[in-house]
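Have a look at the structure below, then the notes.
No value in this document is a laboratory result; all are computed from the given coordinates. These numbers come from a predicted model, not from an experiment. Every residue, glycine among them, receives a Cβ derived from its backbone with ideal geometry; neighbour counts consider all protein chains shown.
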Amino acid sequence: MKIIDLRSDTVTLPTPAMREAIYQAEVGDDVFGEDPTVNRLEEMAARRLGKEAGLFVVSGTMGNLVALLTHCGRGDEFIVGHLAHTFLYEAGGSAALGGIHHRTVLNQPDGTLHLADVEAAIRAENVHFPRTRLICLENTHNRCGGAVLTPEYTKAVCQLAQRHGLAVHLDGARVFDAAVALGVDVKELVEDVDSVMFCLSKGLSAPVGSVICGDEEFICEARRNRKIVGGGMRQAGIIAAAGIVALEQMVDRLAEDHASARRLAEGLSEIPGLALNLDRVQTNIVIFELASERLTPTELQARLGEKGVKLLPIGGHRLRAVTHYGIEADDIEVALAVAREVMEQL
Ligand code: TLP
């Protein structure tokens, strides 16, 4: 039985070209700045995103944490959506390690924050208040079902931030998915943000790693903060090599994942007892609702799992399926047949 693992695009395995690049990688001590493969990846990432410099980090979580530590000091505050990954799923790292306070505003179902809500959350200078330093956005938005933020929206938030002397950080774990879905150059999506983190290890299929990009000064300070959190790696070219292949070869194919997600969503929406809003499926994430009272999302997960289809409950009555490299069109049809069978047997 082939396992169709739709839990996340983080489960992607390195491609043969990545394994070859890992084997051949030229390496050195990256804490001395001497790993040519890491240097190449950081330069390539920065160029691709239209930023001055890049910094290779172990994970998206570390990338967001290092960015937050670089933008904010102890007692400072950042504004973030209540469904943001940084807020929900990063173990409170910025508070635990940086003494950074968060201020949540409501995420709209399309992943945006209302500009008026953001503006209302910005603190005035007052001895009682934490100081607002930063606004965090997420593109694509994971908990909003892979929703895409447009260049226009991102620019509007950045203009608001500039008016108030704030910085903007983009959790762009899947920003290449957003660029491919919108048919725009990724540079347009990050042009005005002060920092952006993107992941190599999700849809781009590298085994490990993310990159933070920003201006030289920011990245220089971020490098210090990466060291503080133990992220100074040595011969990291071994893993950066796969990241280079990810950037060179794996971006355009994300469109295939989006087509698979759409097909999956259409199929799921036709199964009695399951419900979803097709308009919300824009990239590789499908969030759907279990509308039947006959079983819980965890039970549905278990029944699908017994038949080789893995996905994740994400709270309430909802489950998430993510398409990625290694999931073929036929796999989607199998997954749909399994879901139909399980739901019909209730
Ligand atoms: N997301 C993972 C889980 O942590 C939920 C997933 O399976 O989707 N930003 C966003 C928007 C993310 O979705 C993730 C990972 C991260 C940051 C963190 O990246 P990693 O897992 O590399 O620390």
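Seen from G315, the other residues with C-beta closer than 12 Å to its C-beta sum to a net charge of +2, counting Lys and Arg as +1 and Asp and Glu as -1. Backbone phi angles across the stretch 252-266, fed through the Karplus curve with coefficients 6.51, -1.76 and 1.60 (θ = phi - 60°), yield HN-Hα couplings of 5, 6, 4, 4, 5, 5, 5, 5, 5, 5, 5, 4, 4, 5, 4 Hz in residue order; Gly and Pro are listed as x. Summing +1 for each Lys or Arg and -1 for each Asp or Glu among the other residues whose beta-carbon sits under 12 angstrom from that of L13 gives -1. Each DSSP beta bridge with both residues in the chain is either parallel or antiparallel, and the antiparallel ones are about 50%. Classify the stretch 285-340 as rounded, prolate or oblate, taking a ≥ b ≥ c as the square roots of the eigenvalues of its Cα gyration tensor: rounded when a/c is under 1.5, otherwise prolate if a/b is larger than b/c and oblate if not. Because a/c hits 1.5 or more and a/b exceeds b/c, the stretch 285-340 counts as prolate. Excluding same-chain neighbours fewer than eight residues apart, the lysines reachable from K155 by a Cα-Cα span under 17 Å are K51, K187.
A Cα-only calculation for the chain places Rg and Dmax at 20.4, 63 Å.
The 3J(HN,Hα) values that the Karplus relation (6.51, -1.76, 1.60; θ = phi - 60°) gives for the stretch 320-326 are, in residue order, 10, 10, 10, 8, 6, 3, x Hz. Gly and Pro appear as x.
Taken one residue at a time, the phi angles of the stretch 312-319 give Karplus couplings (6.51, -1.76, 1.60, θ = phi - 60°) of 10, x, 10, x, x, 9, 9, 10 Hz. Gly and Pro are set to x.
Between amide H atoms placed 1.01 Å from N, distances below 5 Å from T132 occur with E77, R123, all of them 5 or more places distant or on a separate chain.
Its DSSP H runs of at least 4 residues, each contributing -39,500 (n - 2.57), put the calculated 222 nm mean residue ellipticity of the chain at -12500 deg cm²/dmol, to the nearest 500. Comparing the stretch 48-105 with the 2.2 N^0.38 Å rule of thumb, its C-alpha radius of gyration ratio is 1.16 (two decimals).
Extent of the stretch 22-135 along its three principal axes (Cα atoms, max minus min coordinate, largest first): 53, 33, 26 Å.
What does the charge count near G75 come to, summing +1 for each Lys or Arg and -1 for each Asp or Glu among other residues with Cβ under 15 Å from its Cβ?
Values: positive: R74, R103, R123, R131, R133; negative: D76, E77, E125.
Overall, the nearby charge balance is +2.
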